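Take a look at the structure below.
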Amino acid sequence: MNEPVPAPVTEPLRLVRIRLALALLATAVLPFALGMLVVPTLSGVDHAAEQERVGAASASLSASIAAEFERARSGLLFVAANPEVRRALSEKPAA
């Protein structure tokens, strides 16, 4: 009289869905996650070279800007040393 009750039909479908979700996770997400861990390690050498290149370019640009400022400064000092310019700057404008 005590016969086991058969499992509902939805139970096997639920197991299939869980297995399908786990399979998708294993085939799609897991390789991507592992790749994210490996790629930075492999590209570390390229990253260091890129940082060195950017540092050299930054130093070159800084030196170029400093040279332009020095050229402008020396030009202004040359003009300011001219006696005519000094006289013109010291005169009060007519009001």
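Rule-based calculations on the coordinates, nothing more; no lab input. Note that the coordinates shown come from a computational prediction; the quantities given were computed from them, not determined experimentally. Don't worry about glycine lacking a Cβ; one is built from the backbone with ideal geometry, like all the others, and counts go over all protein chains shown.
Which GluC sites (Glu not before Pro) in the stretch 64-95 sit in a loop by DSSP (not H, G, I, E or B) and have at most 14 other Cβ atoms within 10 Å of their own Cβ? If you can, show how the numbers build up before the last one.
Details: sites: Glu68, Glu70, Glu84, Glu91; in loops: Glu91.
Passing sites in the stretch 64-95 are Glu91.
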Under a Cβ-only charge scheme (Lys and Arg +1, Asp and Glu -1), can you give me the dipole magnitude of the stretch 45-95 about the Cα centre, in debye to the nearest 20? 480
Karplus-derived HN-Hα couplings along the stretch 66-74 (A = 6.51, B = -1.76, C = 1.60, θ = phi - 60°), whole Hz, x at Gly and Pro: 4, 5, 5, 5, 5, 5, 5, 4, 5
Using 5 Å bins from zero, what percent of all Cα-Cα pairs in the stretch 45-95 falls into each bin? 4, 17, 11, 12, 10, 9, 9, 7, 7, 5, 4, 3, 2, 0
